[in-house]
Structures are given as structure tokens and as C-alpha cells.
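The values are calculated or read from the model by the stated rules, or taken from the named source; none is laboratory data. What you are looking at is a predicted structure, and each value in this text was computed from that prediction instead of being measured. Cβ coordinates were reconstructed from backbone atoms using ideal geometry, including for glycine residues, and neighbour counts include every protein chain displayed. Accessible surface is based on the protein model in full, side chains and every heavy atom, while ligands, DNA and RNA are left aside. Shrake-Rupley method; radii C 1.70, N 1.55, O 1.52, S 1.80 Å.
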Amino acid sequence: MCDEWTQMSNWTICVVTERLRSLLKTVSSRSSPRELQPTENPNTMDTDMTTSVSSFGSLIRIPQSLLHGKVGSGRSSASKTRQHLKWAVYTCAFVFCLQALLEVVEADPVLASSLGSCKPVPVLKGAPLHCCLPAPKRLTIRFTFPFIPRTLLGRPILRERKPAHILQKDPEYVRKYNLAYARMKALPDTDPRSFLNQWRVHCSFCNEAFQQRKTPGPLGPETGVLLQVHYSWTFLPWHRMYLYYHERILASLINDPTFALPFWNWDNQLDKDAAKMPAMFLPKFGIPNAALFDEFRNSNHYPPKILYLGYNSKLEAEGQQNLTDQQIKYENLCVMYNQVTTKISARDFLGGPYVVGTDNSAATVNVSAGETPGESGGMESVHNVAHEWTGLINDPDHPDNEDMGNFIYAARDPIFYTHHSNVDRLWDVWKTIPDKVTKSGIRKRMDYMSRDFLDTEFTFFDENQNMVIVKVRDSLDSSKLGYKYTDVSESDKMWIYYEPLPAQESSKTCNSSEYPAPVPSGYNYIGMDPVSFKLDRRAPTTEDCRGKGVNNVDQLQEDVVLERVKIPHLEYARFDVFINYPAANRWTHLYMSEYVGTFTHLPSGMVDMSKSVSESSSESDDKFRIVTIRYSVNAALKRLGITDYNTDIVVTVVSKGKRNSSPTTGFTFSNLKQDFQ
Ligand code: C2O
């Protein structure tokens, strides 16, 4: 019903808008209004044009002079022009009315651009960072899919992103790759393609330098809510499109349209070098690679160390993280299995909804206030670990954990883009994983289908320095974007089909009534010691199926949800969760049957719009991020022999943060509950 109505209104808007477009064409061709050019100062651009939109999303720019009737001297048919103009104004009002009506029917997709108010980002040590981007030199354009060449047989020829540990054995590739970055780093600051500006794209979108917009287009009025592309369903699409343009810029700088980024295959436990920091990014490589090197990395993690997805810098600093490579590999497989394979719903894998008004920026809050919690998907949490592991840790001269260890700096390290290339690949892989999770065993993994998701938009600079408006719907199919990944399914399968160790007998008989239930909306605390709670369970009802894209309860996934966890925004946090294993502690191996997943939070600086830079963020500030955390438990319950919905369980949260603070500090959360997705 609702959908039909929406479609109808969209159709009406579309017809009306098309009419308006042709009218305006007539009017402007006769009256030659002032040419619309982007100004040098993005902050003044709002006053230069008004934007309207059609249901196709194509942007129509209406010169202010037209709306205010300052029409140039039409010669032969002035009165006709005036009539047209009147029509245009009425139609315009009508379109806005319909638009407003539509907004009542649906929530609003987030609209954002790298224009408008943009503030410097304060950091712990040193001068604040300026993440703002240069203004575009030309009019903003809409995204269109790239031309994809085909073979004689009609097969598309896609750029192939290959594993870094393979590519580094190819001197020609490394030379090209290094040259592309050398040229990118040599571009002037005014060029949006420069390496510094590429970093700024991430710094600004991921550190709340911009605000959400009210209407589509790069210049819609701002909502006052800070924009943040992490901690929600925007995480994967935004980073995909960021990489898409980054790769095209690199390719154009070396005039090689086939150039593709490598991917750092850190989830691969099969090939000996795959999970190591790729050697081509390190000093003394043999082939010139200076442009790929970054001094702000943790040199203790250089090869032969392999990336550890159970990594905790605090334990490491205390000398208490001494696993064998074999143990690390099994833990890595189990972490991947729990962060990707067991996450069957879009919400669990991609993250929670993010619509206009969702404010999950870091703020001075108390937990009971009305802010919307952020909700990272399973993929985002595991991706954070690679950031943490690569950046400078436990170095008093670098409290910000640059580069990779803090979102402000992360994209200053070329390794960032190869890390995200793998994250992006895993999104594609996730969609192909069969359902080993739900009772029905037939649920397909799918991206969100809601318009709020699909119509979310961002801007990026392309390889021609044009600012392009991209929608999330443009990002969903990587082959349409002209690239693919080398098939590494042999190693993917190792975690997709991973079988954790059999559950311990004591876990099967664990008595939940011995543990306190969390107090809903009360004071629940996660300290440095593991903490266990009793969780009441219930059976899902058909109500639980609503809006989930499933038609019966057997297709649902069962989640354990920690609500409104309060995390200091400058802290690293990690919560590993176990079911029916209250003995779990910081040393418990993650390849256990009772382990159900990990949440991580990476420090990020923040832009404080209310204070001047000098008095804002510091280590002792009181800003927090509020997050909701999901752990998917179907598979673990099965292993524990729990096949009904009457058996209550014990949930143990093992906190492995906080890096910078005293061990007595903990985290609070408002509730622990069962949920179905
Ligand atoms: Cu926007 Cu890996 O971060």
C-alpha cells in the first residue's frame, strides 16, 4: 500500500519535475540568467543556488535570480516568459509540497557532501588537523556507471584486485603502484586528487567534520547533525565508493586504466604470507617503494608476525599475549567465522540504520539521554582490529595511535587502502555464504532493501577533479563498478566452514539462575574483570519477522544485544563475548565453542562544533560514543545443545580495553537482551 502510494507520488513528482525542467530550459534560454559556477568558498555556495530534485534523483539547479523574478530582458515573448515563470514557481511549490508529504511517509536517507561547514579536528598532541576539502572547480555531477570493455565473446573485462602477498612478487606491479602514489603525493594541495586530500576525505567523513543535509544534492541545507559514516549501514558502501575513486585516480596518474588496488588478505590462514603486513609496504624491500612506506606503523608487527584478530594492545604491553602462530591462526578463523559467517542479517553484518537525524557522533552525553546509538556490523568490528594492530601502539610520543590506529590519521597510510580493499572483498564474499545459521537453512544474505539505505548519498572527487554525487544503491554490485577480486575461496572456506572446538560439558549444564540479570535501563557495568549475566530467552513470534525480509520464524537469527554501551571516544575498546562459560577471561582462547563474537571500538578524534579548537578534545575530555552491540548466537546455541527457546543462558563479557586508562575504569550499558533479526 505504502509502497504503491510512494511510487505514485514519485511518478507525479517525476512528471511535474520533467515539465518544470523543460520550462526552465525555455525560460533560461530566453532570459540568460547569471551563469551558475561553483564559487571558491564552499560556505557561500548555499546562497547561490537552490536545489530541487526529481524522483530519479537528477539534480535541477534553479537560479535564485529566477525565483526572485530577476529575469533578463526577454525580447520577443516577454509575457510568455513571465507566464512560464509563474508556472515554474507554482510547480515548484507543488513539488516541494509533495516532497514534504513523502517525507512523512518515509524516514529520510542521509544526504551528505564534502561541502559546507567543515571544522578542524582536534588531536591529543600537536596542532588540530584540517580535514576540509577544496571546493570543486566545476559543477557537481551525478554518478554514472563506468564503461566496461568486453571481450569478443561479450564477457566484461574487469579490473582485478589481487592479493598483496602475490602482487609484491611482481616487480612491475610494485613499480607502477609506487609510482602512482608518488605522483599522488606530488600533487598540489589545491588538487582534490592529492594524497593529502584523499586522506582528508576519510578524516572528514569519519570524524564528523560535516553535517547531514536536508535535501538531496551537495548544497542542501544542513541539519545540524554531524555526519559519521562509521557505526552503521553506511560503513561498507561509503568505503567502497571511496576506494573506487581512489583507485581510478591512481590509475589515471599512471595512465593505466587496468590498474587495480591490491588487497591485504589478512583473513587468509592458508598462505604463509597473506596475513603478514605486506612486505611491499615496508622499508628495505628491494624494489623502490618509498611512496608506499609510512613511518607511523607498529614495527613490532612487521613480518614474520601475522595479524592477530584477537589482538589486544593492553595485554601485549603487559607481556601477556604470547600465543603461538598456530593458536593465532585458529583464533583468527574463529573470529572471522563469528564476525562474518554467523551474521546472516544485513543488520548484523553491515550495521544498523543511519537516517537523517541519527546522531551517533561522539558527544558529551549521559546514557539515558536521547542520542541514537551507533551500531557497527560484524565486518566493521573485525576491520577495526587490523587498524589497531597496524598503528603505533603504546608509544608515549604518539598517544593518538597514528596512523592506522586512529580514524583521523588512518588514510595517511597507503596500507589503509589495501586493508579496505579486503574489507570490501569480504562484503562480496558474505553474500555468497550459504545459510548454516537459521533453523530453516534457506535464508539468503542480502543487503538492506529500504530506500533509506539505497538513497543515502555522498560526494567524492573523481579522477577528473569533478565532485560526484553517489548513492548507496550505486555501490551494491562491484562488477558494475568495473572491478573484481582474485578468487581466494580456498582460504575463505577455512573460516566460512570453521568448526570451533566442541563445547565443554560444563557449558551444556551451566545454570543461569546463579547469575544476576541485567537491570533494564539501570546501571549495568562492564569492568576489567569479566562479568556474567543471566539472559532470559523467549521464542520468536511472527511479529519478529516484520521488516526483516523473511516469511517465517525459522529464518530468523537470534542475537544477544548489549544496548547503549558508553565508550569514551578516545579509547580503544574490545568486548569478547562467551555463552554459558562464566569462567572465560582475557586469556580464554577465541577458538572455543562458547565464544560468539567481538566488538571493537577504535579511537577517533572529533570535531566539536560548539567549542573552539584550542579548548576542545583532550585525553581527559568527557565525550562518549553510545553503541549497541549484537552477537549472533544461533550456531553457538546449537553447539551447546540448546535447541529450544525456554533455556535461559549466561552471557559473559570479557573486556579487553581500555588502553589508556587505569584498570579500574569500566563501561556502562543500559540493557542486555535477546533479539531476532
Ligand atoms: Cu573509515 Cu577502516 O575506516
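Below are the figures for this structure:
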read-out	value
Residues within the range 265-278 that are of a type in the set (A, V, I, L, M, F, W, C) and in contact with a His (Cβ under 8 Å, 6 or more places away or on another chain), tallied	3
Meets criteria (assigned to a loop (DSSP other than H, G, I, E, B), crowded, with 24+ Cβ neighbours inside 10 Å and modelled with pLDDT of 95 or more) for LEU261	yes
Qualifying residue in the range 352-363 (condition: part of a helix (DSSP H, G or I) and touching a Gly at 6+ places or on another chain (Cβ under 7 Å))	no
Verdict on THR665 being more than 27 Å from the chain's Cα centre (by Cα) and modelled with pLDDT under 95	yes
Tally of residues being more than 19 Å from the chain's Cα centre (by Cα) and either within 16 Å of the ligand (Cβ to nearest atom) or under 18 Å from SER489 (Cβ atoms) (or both) across the range 396-439	8
Candidates ASP435, ASP413, ASP424, filtered to the one that is among the charged types (D, E, K, R), open to solvent by 10 Å² or more (accessible area, probe 1.4 Å) and modelled with pLDDT of 95 or more	ASP435
Filter pass, GLU371 being outside the structural domain of PRO603 (by TED's automatic domain parsing), more than 18 Å from TYR448 (Cβ to Cβ), within 14 Å of the ligand (Cβ to nearest atom) and open to solvent by 10 Å² or more (accessible area, probe 1.4 Å)	no
Number of the exception - ASN268 against (1) open to solvent by 10 Å² or more (accessible area, probe 1.4 Å); (2) at negative phi	(1)
Within the range 579-604, tally of residues that are polar (S, T, N, Q) and either farther than 18 Å from SER532 by Cβ or not assigned by TED's automatic domain parsing to the domain that holds ILE526 (or both)	2
Residue in the range 601-613 that is modelled with pLDDT under 95, closer than 25 Å to THR341 by Cα and either within 16 Å of the ligand (Cβ to nearest atom) or in contact with a Leu (Cβ under 8 Å, 6 or more places away or on another chain) (or both) present	yes
Odd one out for PRO353 among (1) over 14 Å from the mean Cα position of the chain (by Cα); (2) surrounded by fewer than 24 Cβ atoms within 10 Å (Cβ to Cβ); (3) closer than 21 Å to HIS239 by Cα	(1)
Boolean, ARG445 is in contact (Cβ under 8 Å) with a residue 24 or more places away in the chain and in contact with a Pro (Cβ under 7 Å, 6 or more places away or on another chain)	no
Residue pairs meeting the criteria (Cβ under 8 Å; at least 6 apart or on separate chains; first in contact (Cβ under 8 Å) with a residue 24 or more places away in the chain, in the range 376-390; second part of a helix (DSSP H, G or I) and acidic (Asp, Glu))	GLY377/ASP348; GLY378/ASP348
Lone unmet requirement of (1) closer than 16 Å to GLU375 by Cα; (2) open to solvent by less than 10 Å² (accessible area, probe 1.4 Å) for ARG564	(2)
Selection within the range 176-227 - in a loop (DSSP other than H, G, I, E, B), within 16 Å of the ligand (Cβ to nearest atom) and hydrophobic (A, V, I, L, M, F, W, C)	ALA209, PHE210, LEU227
Pair list, Cβ < 9 Å and 6+ apart or interchain, from the range 271-294 residues that are on the phi > 0 side of the Ramachandran plot to residues that are open to solvent by 10 Å² or more (accessible area, probe 1.4 Å)	GLY286/PRO171; GLY286/ALA279
Selection count, the range 531-569, where residues are part of a loop (DSSP other than H, G, I, E, B) and under 24 Å from the mean Cα position of the chain (by Cα)	5
Positions within the range 140-157 being touching a Pro at 6+ places or on another chain (Cβ under 9 Å) and in a loop (DSSP other than H, G, I, E, B), in sequence order	THR140, ILE148, PRO149, ILE157
Criterion (in a loop (DSSP other than H, G, I, E, B), of a type in the set (Ser, Thr, Tyr) and away from the ligand (no atom under 16 Å from the Cβ)) met by exactly one of TYR308, TYR330	TYR308
Enumeration of residues in the range 299-326 that are over 21 Å from LYS272 (Cβ atoms) and surrounded by 21 or more Cβ atoms within 10 Å (Cβ to Cβ)	ASN312, SER313, LYS314
Residue in the range 340-351 that is in a helix (DSSP H, G or I), within 30 Å of GLY224 (Cβ to Cβ) and away from the ligand (no atom under 16 Å from the Cβ) present	yes
Test: PHE296 is at pLDDT below 95 and within 16 Å of the ligand (Cβ to nearest atom)	no
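So that you can scan it fast, the table gives a plain yes or no per residue for (1) buried (at least 18 other Cβ atoms within 10 Å of the Cβ); (2) of a type in the set (Gly, Ala, Ser); (3) in contact (Cβ under 8 Å) with a residue 12 or more places away in the chain:
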position: PRO136; (1), (2), (3): yes, no, yes
position: ILE141; (1), (2), (3): no, no, yes
position: ILE148; (1), (2), (3): no, no, yes
position: LYS162; (1), (2), (3): yes, no, yes
position: PRO188; (1), (2), (3): no, no, no
position: SER194; (1), (2), (3): yes, yes, no
position: ASN197; (1), (2), (3): yes, no, yes
position: SER204; (1), (2), (3): yes, yes, yes
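For every residue, the table says whether it meets (1) within 16 Å of the ligand (Cβ to nearest atom); (2) surrounded by 19 or more Cβ atoms within 10 Å (Cβ to Cβ).
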| site | (1), (2) |
| --- | --- |
| TRP233 | yes, yes |
| ILE249 | no, yes |
| PRO257 | no, no |
| GLY286 | no, no |
| ASN289 | no, yes |
